[in-house]
Number of protein chains: 2
Amino acid sequence: MTNIPNITSPTAFADVPARTATEITQAIAAGKLTASAAVAEVLRVVAQVEPSVHAWIHLAADNALAHARALDQANDEHGVLNGVPLGFKDNIDTFDMPTAYGSSIYTGKTPSRDAASVALMRIAGGIALGKTVSTEFAHRHPGATANPWNPAHTPGGSSSGSAAAVGAGMVPIALGTQTTGSVIRPAAYCGVLGYKPTYADINVAGVLPNTPSFDTVGVMARCVDDLLLARRALLDSSIESLPAPQANQLRIGICRTPFWDAASADMQALVMDAATALEHAGAKVFDFDEAGAFVDLESANLAVSGYEFARTLAHERLHAYDQLSPILRDGRMADGLRDKYADYVSAQRTLAQARMRLDSAFANVDFILTPAAPGAAPAGLDFTGSATFNMPWTSLHTPAVTLPVRRDSAGLPLGLQIAGARYADAQLLSAARTVMATMRS
Amino acid sequence: MTNIPNITSPTAFADVPARTATEITQAIAAGKLTASAAVAEVLRVVAQVEPSVHAWIHLAADNALAHARALDQANDEHGVLNGVPLGFKDNIDTFDMPTAYGSSIYTGKTPSRDAASVALMRIAGGIALGKTVSTEFAHRHPGATANPWNPAHTPGGSSSGSAAAVGAGMVPIALGTQTTGSVIRPAAYCGVLGYKPTYADINVAGVLPNTPSFDTVGVMARCVDDLLLARRALLDSSIESLPAPQANQLRIGICRTPFWDAASADMQALVMDAATALEHAGAKVFDFDEAGAFVDLESANLAVSGYEFARTLAHERLHAYDQLSPILRDGRMADGLRDKYADYVSAQRTLAQARMRLDSAFANVDFILTPAAPGAAPAGLDFTGSATFNMPWTSLHTPAVTLPVRRDSAGLPLGLQIAGARYADAQLLSAARTVMATMRS
């Protein structure tokens with residue numbers, strides 16, 4: 001196993017330049033690059049690796065080039081994503097590209113308006129390169145995407161294409177969505193950073209819901225700076241980047257969660273090695289006391305996600321039941337139709353209380369270290385992997401980031417996950433810098 | 001001023017039979033009515049009153065009749081809304097009817113799928129009669145709808161058409177949405193029951209967001225039984241109707257809110273008379289102690305709604321700014337674009353804490369009495385009225401019901417509002433029966 005010295009290096013697949021969004025915007029600002037050239041550059045990567053990766057369900061190369069030329073000719077003040085090619089998961093509406101929600105039911109359908117997140121990134125000068133593959137309705141039935149580090153392995157899901165596109169260097173930033181583990185897990189499997197914000201932080205308008213009480217728009221990128229650029233575009237262009245804290249200022253919890261035994265030896269070693277490295281760098285590291293926030297959490301998560309998902313897809317249940325996959329029909333939808341409203345309400349009460357408990361647990365902890373997934377990407381494309389290590393943070397609405405800091409013995413990325421208190425996203429992202437630097441030193 | 005003896009009587013406008021949904025389903029079950037006849041019946045009311053009320057932006061009479069005939073010919077088990085004609089607010093997606101969000105930008109656009117709430121009501125045997133007028137993007141710029149009790153007065157908004165359609169007897173049940181006061185206020189103005197559930201209770205998939213952290217689907221009807229039918233269709237068909245509690249079992253708070261001075265003398269008298277009547281019937285009635293839940297509430301509400309709304313409509317800001325009304329552009333959108341992310345997060349923290357405070361405040365109170373609106377519907381169609389008395393319950397995610405129990409001296413309805421603890425919707429609706437019976441005795 002080797003730590004990854006620089007995740008922005010060419011990947012196993014793409015022995016081509018793959019600039020970060022930060023590098024693109026800086027080069028354009030310095031007059032050393034045009035938006036058109038930035039788009040042409042990523043299209044060359046796409047031509048090389050997409051035939052093996054299948055990250056895109058729709059590629060809008062001509063439109064992207066046209067937008068880039070318009071940006072190059074405009075005299076407007078540059079937005080924070082000026083000239084940056086972007087990928088959007090196929091469950092995020094776009095007015096100029098089809099949005100099929102990962103289902104054959106909606107192949108070729110184009111919504112009448114952009115999702116809020118898409119429009120906000122366009123306002124900031126971002127260029128939509130295309131729509132990335134989603135599992136069916138952001139549940140489990142996979143699309144065609146392969147892992148860019150080894151195409152015999154899953155890229156994870158449900159944001160399969162966004163993770164693979166960023167991991168293969170086809171685009172520096174892509175949006176995904178997470179209802180259980182659908183941003184953090186595929187990002188970890190594909191060797192990129194994945195960021196799931198505090199619930200409700202990035203506007204969900206125009207995203208097809210899965211479980212409205214958990215659905216969160218997230219960001220894939222190859223460096224912390226690019227996650228911050230996305231936040232500035234999506235939230236508020238005046239957001240400042242906090243400096244990376246010194247390790248000796250940090251109070252870090254090791255959070256094994258109730259599922260620690262499900263983590264591979266490689267993954268357990270990664271978490272403990274990170275703890276050791278941060279402690280050696282001066283951080284206070286201790287076992288995280290979650291203050292009871294995990295009591296009944298898994299059953300509450302299942303009750304809420306099943307109940308809401310089965311109702312979210314009521315239209316398809318009525319009109320297109322035969323076009324739904326067996327795993328969707330017989331899995332979460334069937335579970336949800338068995339759920340009683342009283343159990344749903346009871347689960348919602350449990351979660352509301354658990355969120356307050358976790359707030360208090362984070363009062364004396366800057367962030368926790370925990371696995372991003374049970375291990376590296378499993379072999380095969382049918383199973384997108386387990387979301388066990390993501391479920392707590394999504395259910396409890398806290399921000400989480402996965403950091404691609406190591407490869408396993410087979411050369412596949414392992415993701416370290418850090419999570420922090422609700423609404424403390426800025427602090428968590430600044431701490432991510434310290435963790436990355438510590439693991440690479 | 002007179003109390004209203006039976007709100008299901010013919011309204012000022014519609015001197016025609018106007019069955020409730022409960023009456024329709026019972027008559028069909030008894031073989032005394034067909035779904036086709038039920039639809040034909042409401043279409044006769046529509047023909048009579050719609051030219052003055054303008055509740056519908058799209059009427060699907062032929063489709064509704066065809067669906068009714070199909071139901072009449074089917075041998076399926078009857079759903080809980082079997083044969084009930086329904087209205088859906090124009091910001092709720094329908095796959096077979098245009099959905100324009102109250103904006104000329106989307107005139108004639110038809111979404112590719114039904115909202116969850118629409119599909120769930122169709123699964124339950126409900127018949128979509130059409131789409132009801134919404135203000136522009138569920139904000140303030142009004143549509144053409146008039147108040148069915150006096151067409152020179154506003155029906156309220158943003159669910160203008162749903163409230164007016166139910167109030168005029170054109171449909172027994174209609175769905176609306178509430179982000180501040182958009183279900184309770186128009187229901188009160190139009191003399192019908194309005195029910196805003198606990199946040200997230202009715203699935204929001206397929207509803208155009210306004211402020212995702214507050215948006216709630218709500219129900220308009222003319223009796224409590226019909227609200228329960230809608231809940232069974234939308235939540236769980238096994239939900240039982242709780243019996244009306246005896247007044248002497250109830251602990252009732254009078255909640256003047258910080259805005260009591262904004263209520264008209266008529267409205268203040270209605271709330272205090274209701275308190276007196278319930279006390280005479282044996283209830284414990286006292287001033288509600290909201291345990292600090294209202295501290296900084298109005299500013300937190302404005303910060304969250306402005307911030308989210310301005311981002312929800314980023315697509316229109318980018319592509320159709322000139323087609324937005326001045327009140328939208330210069331009001332909530334401009335406010336929201338001035339909001340800083342840090343202030344938004346601070347407001348979200350305030351609200352999370354206020355919700356816990358209100359939970360504890362309701363520990364010893366079954367429900368509170370409060371105005372549904374400052375008074376009866378204002379004259380004129382330009383201003384849809386103030387949501388001051390609705391904002392607390394929407395921001396704090398609690399259920400609220402308005403009950404049409406009185407008319408003012410001009411003959412316009414006054415709504416009494418009751419609200420209860422989060423997730424205690426069933427208890428609140430059963431208490432609504434007791435309040436209605438007490439006020440009519």
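Laboratory data are not the source of any read-out in this text; all were calculated from the coordinates shown. Predicted, not measured: the structure shown is a model, and the values here were computed from it. Using ideal geometry, Cβ is built from the backbone for each residue, glycine included, and neighbour counts are taken over all protein chains shown.
What you get for chain B, charging only the Cβ of Lys and Arg (+1) and of Asp and Glu (-1), is a dipole of about 60 debye around the Cα centre. Computed over the range A:93-137, the Cα gyration tensor eigenvalues convert (square root of 5λ each) into semi-axes of 20, 10, 8 Å, ordered from largest to smallest.
If packing is taken as the average number of other Cβ atoms within 10 Å across a peptide's residues, how do B:141-153, B:162-174, A:157-169, A:86-98 rank, most packed first?
Highest to lowest by the protection proxy: A:157-169, B:162-174, A:86-98, B:141-153.
Pop the C-beta distance of A:A265 and A:H78 into the FRET formula with R0 = 56 Å and round what comes out to the nearest 0.05. For A:A265 and A:H78, the calculated efficiency is 0.70.
Mean sequence separation of contacting Cα pairs (under 8 Å, at least six apart), scaled by the length of the range A:2-234, corresponds to a relative contact order of 22 percent. Report D for the range B:129-177 in µm² per second (integer): Stokes-Einstein, Kirkwood Rh on Cα pairs, 25 °C, 0.890 mPa s. The calculation lands on 233 µm²/s. Annotated for chain A: lysine pairs at least 8 residues apart or interchain, Cα distance under 16 Å, count 4. Given 4 °C and 1.567 mPa s, how large is the Stokes-Einstein diffusion coefficient of the range B:215-265 in µm²/s, with Rh as the Kirkwood radius over Cα pairs? For the chosen part, D equals 90 µm²/s. Neighbours of A:M356 by Cβ distance under 13 Å: Lys/Arg scored +1, Asp/Glu scored -1, total +4. Taking a label point 7 Å out from Cα toward Cβ, give me the nm distances from A:G411 to the same spot in the other copies, shortest first, one decimal. Nearest to farthest, the other copies are at 8.4 nm.
Note on A:I57, B:I368, A:I127, B:I105: ascending count of other Cβ atoms within 10 Å places them as B:I105, A:I57, B:I368, A:I127, the fewest first. Going from the fewest other Cβ atoms within 10 Å to the most, the residues B:D273, B:D215 appear in the order B:D273, B:D215.
Using a simple charge model, +1 on the beta-carbon of Lys and Arg, -1 on the beta-carbon of Asp and Glu, nothing else, what dipole does the range A:2-234 show about its Cα centre, in debye to the nearest 20? Can you show the working numbers first?
Numbers: 15 positive and 17 negative charges, 57 e Å.
It comes to approximately 280 debye.
Chain A holds its axis-closest Cβ, relative to the rotation onto B, at the residue and whole-Å distance A:M356, 3.
Under the rule of -39500 (n - 2.57) per DSSP H run of 4 or more residues, summed and divided by the residues of the protein assembly as shown, what mean residue ellipticity at 222 nm is obtained, to the nearest 500 deg cm²/dmol?
-11000 deg cm²/dmol
Mean separation of Cα pairs under 8 Å and 6 or more residues apart, divided by the residue count, gives the range B:297-348 a relative contact order of 61 percent. Over all projection directions, the Cα-based convex hull of the range A:62-159 averages an area of 7.2 nm². Once Rg and the Kirkwood radius are both taken over the C-alpha atoms of the range B:241-360, their ratio Rg/Rh works out to 1.14. So what does log10 I(q)/I(0) come out to for the range A:298-346 at q = 0.15, 0.28 Å⁻¹, using the Debye formula with one equal point on every Cα and no solvent? After summing over all Cα pairs, the log10 values are -0.36, -1.00.
Give the residue from B:Y199, B:L227, B:A262 lying farthest towards the positive end of the charge dipole for the range B:176-271; charges sit on Cβ (+1 for Lys and Arg, -1 for Asp and Glu) and the dipole is referred to the Cα centre. Towards the positive end, the residue furthest out is B:A262. Divide the volume of the convex hull around the Cα atoms of the range B:374-427 by the residue count and you get 85 Å³ per residue.
When DSSP beta bridges are restricted to pairs lying wholly in the range B:2-234, around 60% turn out antiparallel.
For B:S360, inter-copy separations between label points set 7 Å beyond Cα along the Cβ vector come to 1.1 nm, shortest first. Over the C-alpha trace of the range B:324-376, radius of gyration and Dmax come out as 16.9, 46 angstrom.
For B:R349, inter-copy separations between label points set 7 Å beyond Cα along the Cβ vector come to 2.9 nm, shortest first. Proximity of backbone amide H atoms, modeled 1.01 Å from N, is registered between B:K89 and B:T132, B:L175 at under 5 Å, excluding neighbours fewer than 5 places apart on the same chain.
For the range A:298-346, the dipole from Cβ point charges (+1 on Lys and Arg, -1 on Asp and Glu) about the Cα centre works out to 120 debye, to the nearest 20. The residue among B:G130, B:A163, B:I184 whose Cα reaches farthest toward the positive pole of the charge dipole of the range B:2-234, with charges on the beta-carbon of Lys, Arg, Asp and Glu, is B:I184.
Taking only the Cα atoms of the protein assembly as shown, the radius of gyration and Dmax are 27.3, 83 Å.
From the Cα trace of chain B, what convex hull volume per residue do you get, rounded to a whole Å³?
125 Å³
Pairs of Cα atoms in the range A:2-234 fall into 10 Å distance bins, from 0 up to the last occupied one, in shares of 9, 38, 39, 13, 1 percent.
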